[in-house]
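Let me begin by presenting the structure, written as structure tokens, before commenting on it.
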Amino acid sequence: MKKNIQFLFLLITLLTGHAAFSQGASVSGKVTDASLQPVYGAEVSLKETSIKTFTDSNGVFVLNNIGNGKYTVSITRRGYEPQLKNIEIKNNRPANIAFNLKADYLNLKEVVITGDNSTQANTIVNRIDMQLRPVNSSQDLLRLVPGLFIAQHAGGGKAEQIFLRGFDVDHGTDFAIYVDGMPVNMPSHAHGQGYADLHFLIPETVRELEVNKGPYATKYGDLATSGSGEFKTLNALSKNQVKLEYGMFNTQRMLGMFNVLDKKHLFSRKKENLYVAGEYRYSDSYFQSSQDFKRVNLFSKYTGVLNNGSQLSITLSTFQSNWDASGQIPDRKVNDGTISRFGSIDNTEGGETGRTNFNVTYTKPLENGSFKNQVYYSRYDFKLYSNFTFFLNDSVNGDQIKQEDHRNIYGYTSTLNLNNYLGSKKLSSTFGAGVRYDNSNISLDHTVKREFLNEIVRGTLNQVNAWVYVDENLELTSKLRLNLGLRGDIYNFDFKNQTVDTASGNVTKAVFSPKLNLFYTLNQSVQLFAKSGYGFHSNDARAVVVGKLENTLPKALGYEVGSTFKLGKRALVNVALWGLDLESELVYVGDEGIVEAAGRSRRLGVDFGVRYQLTQYLFLDADVNMNNGRLLDEPAGANRIPLAPTFTSIGGISYKRPAGFSGSVRYRYIGDRAATEDNSIIAHGYFLVDAVINYTKGNYQFGLTAENLLNREWKEAQFATESRLQNETQSVNEIHYTPGTPLFIRGSVSYFF
């Protein structure tokens, strides 16, 4: 272990020790939007020279080697109005200026491909999409990721199942989710590795979603194998808002968002913002047994510029939810007419959950970069009743289980961004370090109709993850950019099993994740890229400490080539050919409380996306994702990856104006896929159409949303499960599923002031 740590720091020193600070004057500053949110990827240039750069994730930029004289600083960013400011450099003294950009409607005719970020164009279009997609909770915003599908299968309160790039991610095993830098996923969770419940986030507080597919981003570690998504919330409200919604199945929602400071000050005399938001949602849902779903969310955020120019952000949020669930139903009971597709075998399933978050970020600007420190704490409580197999194991009482997780999460991250030169080449460096500590009481009990029968597993988890990384961006030429990263993670798994003492233990492991990416900007219309990198997902501590898994931190090797380019003036295209090799697939057996390893796997795929602007306000978009995945250690014919999607597509037409009518009609399609390794059981796909229409006039906005507009019968979550009913003598292995929503219409009215 000591040698591994020494090797990591030696390599970081070699990567960064050659960076030479620039000579002469520098022009630095920060770019924000109207809500003080940092604007990432804005192009900053001096119009009188060829010198330019891009803002980092904190909105900070530095232009070096500037001679004395008068200059015009230009800021441009797709989705914002351009801005110019005049400066004068005297006696080689540095200058610092701030920019506050005004949002503008996207015009693809004006879009140029730059060397800052190959995925930026998708992010901009998604910002428009965010208001024009059916959204019941923040989890639905994950559908903004092209090729990502979600499925709810426990009454609305459980975290959704995620599918992306040939992965059945379960509830987060291979997709890392963050909110303002705070991790959402929970390793060694009572219900599944990497469980990511995003329901604490109010959708209207989200400003944008940063998406990274594959394991190529150095700053994301555990679980970021198929990809990662980071939600960034508003720093301030442009207006106060009150919103009321009502829809079919007795669905109700109330939302309020209010500015608090109103030009008053708390910590400084500079610009500060503080707002609060609250949400209440209730629904009986469309099942025969009422789901009685309730959720309450509270969110507050302070953002201010301190007197020394630093920025402070403090977020406090909490949510509570409880619900009943009809559970997954077997095909055979629907086919023989015993129950309807909205019926139930065990309608006493359901649960309750809550999470409270405290997140503080302090960002200090430097002469040639920025330094950010973040601390966060979460208190999390979870209780879930499930019955997957009915009477397979206990023919008298049934197989219902209760899973509980009561957890404290403590975390700290530190990020240093520096802009230097390596000789005459521009070099941007990011150094990161952090630690996360999870302390949790986890239990699994056998129950009947939510009444305790006997204890299966009970224990205390203490899990620590510490990491350090360096990420370098070097402009080799004016067109070619090299991204080189190295990340090191150390884990300590400690689980004290109070039921079976021999199932306790303590294990420490480390993993290193190098990254190498190249971006070539051919011209203002074409960028090519080649990406490669290692990622990993940690295994469940309960299996690690007893040595049931050979690979504690299985690696994922990703590789990808592709292009972002324009066709004509109105079409923007993204295409990627990718592959991912995983050392160990994870299969969580929830009713036994263990993780099983399915061996090595390989996935190869193609992602294709196009955005086309028909008129100033009318957009078309479509994404097609194809892949082929196989287990490498299994014989042909028995090597499918269960539930892994092989073909998905989303798309639609959107009409967006600042006032009057806006709307969209969108489709989503997922093809049939194998539910078992031998393809003997098929999980059937579906094709759905959704529609949203909004009308804005003055301070009011009226909305109407229709999900499953064609009223198709479809299966949302599907599993090949062996089960036995109370009157059956033999078990049956077949599809068990949660039905998807029928036609679901709801309306809304919002008042802004």
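Given in Å, the Rg to one decimal and the Dmax to the nearest whole number for the Cα atoms of segment 159-232 are 11.5, 31.
If you build the convex hull over the alpha carbons only and average its shadow over all orientations, what do you get for segment 703-753? Give it in nm² to one decimal.
Numbers: hull surface 24.2 nm².
Mean projected area of the Cα convex hull: 6.1 nm².
What is the percent carbon and sulfur in the accessible area of the chain, measuring with a 1.4 Å probe over the protein chains and ignoring ligands? Whole-percent figure for carbon plus sulfur exposure: 55.
Karplus-based coupling profile of segment 268-281, in residue order and whole Hz: 8, 9, 8, 5, 9, 9, 8, 9, 10, 9, x, 9, 10, 9, with θ = phi - 60° in 6.51 cos²θ - 1.76 cosθ + 1.60 and x standing for Gly or Pro.
Return the percentage of antiparallel bridges among DSSP beta bridges fully within the chain, rounded to the nearest 5 %. Roughly 95 percent of the beta bridges in the chain run antiparallel, per DSSP.
Ordering V545, L516, L476 by the projection of their Cα atoms onto the charge dipole of segment 463-590, which places +1 on the Cβ of Lys and Arg and -1 on the Cβ of Asp and Glu, puts L476 at the extreme positive end.
Across the chain, C-alpha contacts under 8 Å between residues 6 or more apart give a mean separation that, scaled by the residue count, equals a relative contact order of 11 percent. Amide H contacts of S28 (H built 1.01 Å from N, in plane; Pro and chain starts excluded): L63, A95, N96, I97 sit under 5 Å, all sequence-distant by 5 or more or on other chains.
Histogrammed with a bin width of 5 Å, the alpha carbon distances of segment 322-442 distribute as 2, 9, 12, 11, 10, 8, 8, 8, 7, 7, 6, 5, 4, 2, 1, 0 percent, first bin at zero. Within the full protein context, the accessible area of T502 is estimated at about 120 Å² for a probe radius of 1.4 Å.
Could you do me a favour and compute the accessible area per residue for segment 504-543, 1.4 Å probe, result in Å²? Intermediate results must be reported in sequence, preceding the final value.
On the way: 1460 Å² over 40 residues.
Spelled out: the 1.4 Å probe surface of segment 504-543, per residue, equals 37 Å².
Compactness of segment 615-701 is given as radius of gyration and Dmax, 19.8, 65 Å, from Cα positions. Taking label points 7 Å from Cα along the Cα-to-Cβ direction, V575 and T508 give a separation of 5.1 nm.
Taken along its three principal axes, the alpha carbon spread of segment 599-753 comes to 64, 43, 27 Å, from the longest extent down to the shortest. Stretching the chain fully between L422 and I51 yields a gain of 132.0 nm (0.36 nm per residue, less the alpha carbon separation).
Counting heavy atoms of the protein chains only and a 1.4 Å probe, report the per residue accessible area for segment 398-463 as a whole number of Å².
Working: 2410 Å² over 66 residues.
Heavy-atom SASA per residue in segment 398-463 reads 37 Å².
For the chain, the Cβ-based charge dipole about the Cα centre amounts to some 3640 debye (Lys, Arg positive; Asp, Glu negative; other atoms uncharged).
Under 5 Å from the amide H of L306 lie the amide H atoms of Q311, L312, each residue being 5 or more positions distant or on a separate chain, with H modelled from the backbone and absent for Pro and chain starts.
Taking amide H as placed 1.01 Å from N in the peptide plane, E349 has its amide H under 5 Å from the amide H of A325, each at least 5 places away in sequence or on another chain.
For the chain, the normalised intensity computed at q = 0.05, 0.06 Å⁻¹ comes to -0.25, -0.36 (log10 of I(q)/I(0), Debye sum over alpha carbons, equal scatterers, no solvent).
The region of the chain that goes longest without hitting one of the GluC sites (Glu not before Pro) in a DSSP loop, each with at most 14 other Cβ atoms within 10 Å, is 49-366. Taking the charge dipole of the chain about its Cα centre, with +1 at Lys and Arg Cβ atoms and -1 at Asp and Glu Cβ atoms, the residue from Y669, Q726, S532 reaching farthest to the positive side is S532. Applied to segment 730-740, the Karplus parametrisation 6.51 cos²θ - 1.76 cosθ + 1.60 on θ = phi - 60° returns per-residue 3J(HN,Hα) values of 10, 7, 10, 9, 7, 5, 10, 8, 10, x, x Hz, with x for Gly and Pro.
Going by accessible area, probe 1.4 Å, with all protein chains left in place, what is the ranking of Y667, Y751, largest first?
Working: Y667 65, Y751 85 Å².
Order by accessible area, largest first: Y751, Y667.
Net charge dipole, segment 473-627: roughly 900 debye, given to the nearest 20, about the Cα centre with Cβ charges of +1 for Lys and Arg and -1 for Asp and Glu.
Please pull out the direction-averaged projected area of segment 276-358, using the convex hull of its alpha-carbon atoms, in nm² to one decimal place. Mind dumping the intermediate values first?
Values: hull surface 29.2 nm².
Computed as one quarter of the Cα hull surface, the answer is 7.3 nm².
Normalising the Debye intensity of segment 218-343 to I(0), with uniform scatterers on Cα atoms only, and taking log10 at q = 0.16, 0.18 Å⁻¹ returns -0.96, -1.04. Across segment 463-602, counting alpha-carbon atoms alone, Rg and Dmax equal 20.5, 67 Å. A simple spin-label model places the labels of R93 and Y520 4.6 nm from each other, with each point 7 Å out along Cα-to-Cβ. Between the residues S289, A151, N235, the greatest Cα displacement towards the positive end of the dipole of the chain, with unit charges on the Cβ of Lys, Arg, Asp and Glu, is found for N235.
Charge dipole (Cα centre; +1 on Lys/Arg Cβ, -1 on Asp/Glu Cβ; no other charges) of segment 541-664 amounts to roughly 820 debye. Dividing the summed helix terms, -39500 (n - 2.57) for each DSSP H run of n ≥ 4, by the number of residues in the chain produces a 222 nm estimate of -1000 deg cm²/dmol to the nearest 500.
The values are calculated or read from the model by the stated rules, or taken from the named source; none is laboratory data. All figures in this text were calculated on a predicted structure; none of them were measured in a lab. Cβ sites come from the backbone with ideal geometry, for glycine too, and all protein chains shown count toward neighbours. Remember, those area values only see protein heavy atoms, side chains included, never the ligands or the DNA or RNA. Shrake-Rupley method; radii C 1.70, N 1.55, O 1.52, S 1.80 Å.
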